[in-house]
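K.L.:
The structure's right below; bear with me while I get my questions together.
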Amino acid sequence: MKAESKAKRYERIYEQVKGLIDATTYPISRMATINALLHHKFNYYYWTGFYELVNGDLVVSAYQGPVACLKLKKDTGVCWAGINAQETVIVENVHEFPGHIACSSASNSEIVVPVKNPKGETVAVLDVDSKEYAAFDEADKVGLEKLVSLIYS
Ligand code: SME
């Protein structure tokens, strides 16, 4: 998908989410709504979901796609890399990422975007997997970072 078309689609989803999320400030309802919208709007998305930090564990929250790992081994894999770096991680080929946790063998590339609370603490990540290699780029990073900023707005 072209960067320009991606950017426009993320912009439309952003406007849609903004119109929906005012119904509640509860972060998990907002995550679930963002998740459902995203998953059905991009055909290169295969698994779309959030992992939340709960008492030091990174556990699965709202998601769409095949059943996934409930808890991710600490400091291992792409989601923990996003938590620890507190910035977006894009992996073009997950099979080359040290410690990558394969919840599904069909995933070939991945993007992980940190979710920050109003104090600026990273409390979760949005994780998207694709069956395509190198599916995610700067346009996904910009679009998704903007979307997750709505969760605690
Ligand atoms: N691949 C992730 C684990 C979560 S699944 O992709 C749904 C990781 O390495 O952290």
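K.L.:
For the stretch 20-54, give me each residue that is assigned to a loop (DSSP other than H, G, I, E, B) and either within 14 Å of the ligand (Cβ to nearest atom) or closer than 23 Å to ALA102 by Cα (or both).
P.N.:
Correct list: PHE42, ASN43, TYR44, TYR45, TYR46.
Residues are listed down the side, and each one gets a yes or a no for (1) touching a Gly at 6+ places or on another chain (Cβ under 9 Å); (2) touching a residue at least 12 places away in the same chain (Cβ under 8 Å); (3) more than 16 Å from the ligand (Cβ to nearest atom); (4) aliphatic (A, V, I, L, M):
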site	(1), (2), (3), (4)
SER107	no, yes, no, no
VAL113	yes, yes, no, yes
LYS116	no, yes, yes, no
GLY120	no, no, yes, no
ASP127	yes, yes, no, no
SER130	no, yes, no, no
ASP137	no, yes, yes, no
ASP140	no, yes, no, no
GLU145	no, yes, yes, no
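Let's see how each residue does on (1) surrounded by 12 or more Cβ atoms within 10 Å (Cβ to Cβ); (2) touching a strand residue (DSSP E or B) at 6+ places or on another chain (Cβ under 9 Å):
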site: ILE21; (1), (2): yes, no
site: THR24; (1), (2): no, no
site: TYR46; (1), (2): yes, yes
site: PRO66; (1), (2): yes, yes
site: TRP80; (1), (2): yes, yes
site: VAL91; (1), (2): yes, yes
site: GLU96; (1), (2): no, no
site: VAL112; (1), (2): yes, yes
site: ASN117; (1), (2): yes, yes
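K.L.:
When you go through (1) hydroxyl-bearing (Ser, Thr, Tyr); (2) in a strand (DSSP E or B); (3) near the ligand (Cβ under 9 Å from one of its atoms) one by one for SER61, which number turns out not to apply?
P.N.:
(3)
K.L.:
Sticking with this structure for a sec: Within the bounds of the stretch 73-88, is there any residue that is within 11 Å of the ligand (Cβ to nearest atom) and assigned to a strand (DSSP E or B)?
P.N.:
Checking the stretch 73-88: not a single residue is within 11 Å of the ligand (Cβ to nearest atom) and assigned to a strand (DSSP E or B).
Each value in this text was obtained by applying a stated rule to the coordinates, not by laboratory testing. From a predicted model like this one, the values you see are computed outputs, not experimental measurements. In this analysis, Cβ positions are derived from the backbone assuming ideal geometry, glycine residues included, and neighbour counts consider all displayed protein chains.
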